[in-house]
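Every number here is computed from the coordinates shown, using simple stated rules; none is lab data. Source: prediction; values computed, not measured. FYI the Cβ positions are ideal-geometry reconstructions off the backbone, even for glycines, and counts take in every protein chain you see.
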């Protein structure tokens with residue numbers, strides 16, 4: 001790998017003292033953007049040179065006839081088609097980049113847009129700007145440390161990441177999780193769904209011009225985050241759900257805090273609905289915008305609220321339940337139009353259903369251990385370490401070597417606020433994963449953006465993008 | 001590699017593909033496939049198929065026709081010392097029948113080539129680009145096999161087991177090289 005361009009070639013310090021020969025005179029490439037523009041206008045420069053100077057980079061839009069996004073769309077009616085006059089000529093098409101630094105892209109997403117006056121003709125999402133190699137990092141961390149890594153992928157629903165990882169490890173270990181730990185996991189993940197959807201409705205409002213919506217959404221989300229902080233010590237990246245159970249029991253007085261959340265958040269939801277549901281500006285910008293059909297959702301692996309807004313009645317909590325969530329009553333909202341407005345309706349209803357689950361967990365929280373008693377996985381209590389040599393050894397071994405997981409592979413999926421979050425875990429029998437792949441819902445949603453955006457208006461891009469609720473940390477990992 | 005005992009599933013009855021019309025269709029399309037199925041705790045089913053490389057495309061197309069119409073995931077695993085070295089793992093869902101299907105296909109390290117399934121599932125596009133980017137597996141018939149997560153000018157495929165962490169020095173701005 002020594003010939004990679006990321007290597008430092010030569011001594012940088014020496015370079016600064018003694019500049020090389022060629023940097024003395026003006027290099028042919030060193031012409032300003034202004035000069036390029038002038039030459040372009042005057043038509044004096046060779047076309048090849050201009051083509052190079054205005055190159056889009058290595059990522060290019062595909063030829064029109066082999067773009068798979070369009071191939072899927074061909075032959076189906078898309079209701080957000082903007083009927084543009086036929087006389088627009090080919091020359092009026094131009095390619096512009098939206099992002100990677102753009103406030104409405106929720107991170108660093110670059111959209112290569114081919115526009116024809118006000119209409120988007122083609123879109124190519126370009127990702128990877130936030131890639132930090134977390135799947136590679138996971139191979140170097142023990143299973144005890146692994147939850148710390150995965151919780152940073154989708155930073156708006158960290159509990160779901162931890163839960164998915166922990167469930168996968170526990171499946172390979174074949175251990176039972178006590179009922180109280182399962183109930184705590186359900187409590188935290190459902191509250192996480194509430195906080196994530198509150199952030200979504202806040203930013204959806206902000207991206208569409210309703211800045212007051214952002215302030216209200218943040219207000220209620222803050223209360224949920226305060227509860228997370230009381231339980232885990234952190235507002236995000238909690239590392240609370242771990243293989244074997246959870247890190248600590250719920251603090252004293254948690255019932256009162258949850259009770260007050262169940263009191264305040266629904267009032268907030270009522271305010272949002274008053275603000276948005278029948279707001280003519282919001283309706284104008286949301287109804288019939290960014291439509292995706294159920295077949296397209298299936299082909300592109302789009303799950304979660306986006307798929308449910310398109311009429312797909314699929315929720316992993318019902319279909320492949322985990323962590324004992326099937327013992328609670330809740331409904332799965334499904335809408336039919338698949339546009340921005342229906343995604344709004346689905347997420348608002350999901351928030352209410354999650355609060356309904358939280359209410360049931362609060363009323364039926366079982367007593368008992370908050371983590372498994374299996375000594376191979378769970379460190380001994382602090383008190384035992386002073387008394388017992390064995391406990392000290394166990395504790396030391398667990399935190400230096402970690403525990404070994406039997407050879408095997410497993411795909412575990414949970415319903416995160418954004419859809420199916422899956423982890424494919426391969427163990428070679430050692431204390432570290434051989435391979436950890438995260439199937440993240442945002443990755444699939446970003447891939448499907450061309451389907452939702454093609455042939456719509458430039459102004460609808462931001463509304464459509466916000467409604468897919470992408471987390472770029474989740475996309476790039 | 002055997003499946004570890006699983007807390008979330010019940011012991012499956014002795015399996016015969018003839019009991020399951022969906023799996024029968026898979027077995028017909030890929031005669032070399034090893035197919036198994038087990039029950040999830042809540043009544044769903046988890047199906048698995050290990051298929052030879054030359055039957056992979058046909059198997060995926062048959063799975064689509066049999067009702068596994070939702071594409072969920074595609075990833076690669078580098079087993080390094082095993083033969084075949086790589087394995088491609090795809091996850092499909094049949095929502096109406098409440099079934100999941102995992103298809104695994106081995107890809108040798110000397111010739112890391114597999115058929116692209118973008119013709120069946122358009123959503124495999126990004127996932128195959130990711131597998132190419134991180135593992136160097138070539139998908140024949142893919143419309144746009146370019147880097148997706150790594151920088152475009154990157155050399156090598158970082159998730160392979162012979163690409164170690166720290167093998168590329170990090171360039172810190174203005175840092176002095178140790179003498």
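Among A:153, A:213, sorting on how many other beta-carbon atoms sit within 10 Å of each Cβ, with the fewest leading, yields A:213, A:153. Note on residue B:165/residue A:148: beta-carbon distance plugged into 1/(1 + (r/R0)^6) with R0 of 22 Å gives a FRET efficiency of 0.85.
Here the range A:144-162 and the range B:100-158 have alpha carbon centers that stand 26 Å from each other.
By the count of other C-beta atoms within 10 Å, a proxy for reagent exposure, B:126, A:228 are ordered fewest to most as A:228, B:126. The range A:165-240 and the range A:300-333 have Cα centres spaced 17 Å apart.
Label separation (residue A:262 vs residue A:367): 2.0 nm, computed from points 7 Å beyond Cα along the C-beta direction.
What FRET efficiency, computed as 1/(1 + (r/R0)^6) with R0 = 30 Å and r the Cβ-Cβ distance, is obtained for residue A:248 and residue A:313, rounded to the nearest 0.05? Write down the numbers at each step before the final one.
On the way: r = 37 Å, r/R0 = 1.24.
My answer for the efficiency is 0.20.
Taken along its three principal axes, the alpha carbon spread of the range B:12-140 comes to 38, 29, 27 Å, from the longest extent down to the shortest. Sorted fewest first by neighbouring Cβ atoms within 10 angstrom, A:420, A:296 come out as A:296, A:420. Translational diffusion of the range A:306-428 was estimated from the Stokes-Einstein equation, with Rh taken as the Kirkwood radius over Cα pairs; at 37 °C and 0.692 mPa s the coefficient is 181 µm²/s.
Taking label points 7 Å from Cα along the Cα-to-Cβ direction, residue A:92 and residue A:226 give a separation of 5.4 nm.
Other chains near B:44-56: what is the mean number of their Cβ atoms within 10 Å of each residue's Cβ?
Numbers: counts 5, 1, 2, 0, 2, 0, 0, 0, 0, 0, 0, 0, 0.
Average neighbour count from other chains, rounded to a whole number: 1.
Modelled spin labels at residue A:326 and residue A:277, positioned 7 Å past Cα toward Cβ, are 3.3 nm from each other. Look at where the Cα atoms of the range A:263-292 and of the range B:45-89 average out, and the two centres are 42 Å apart.
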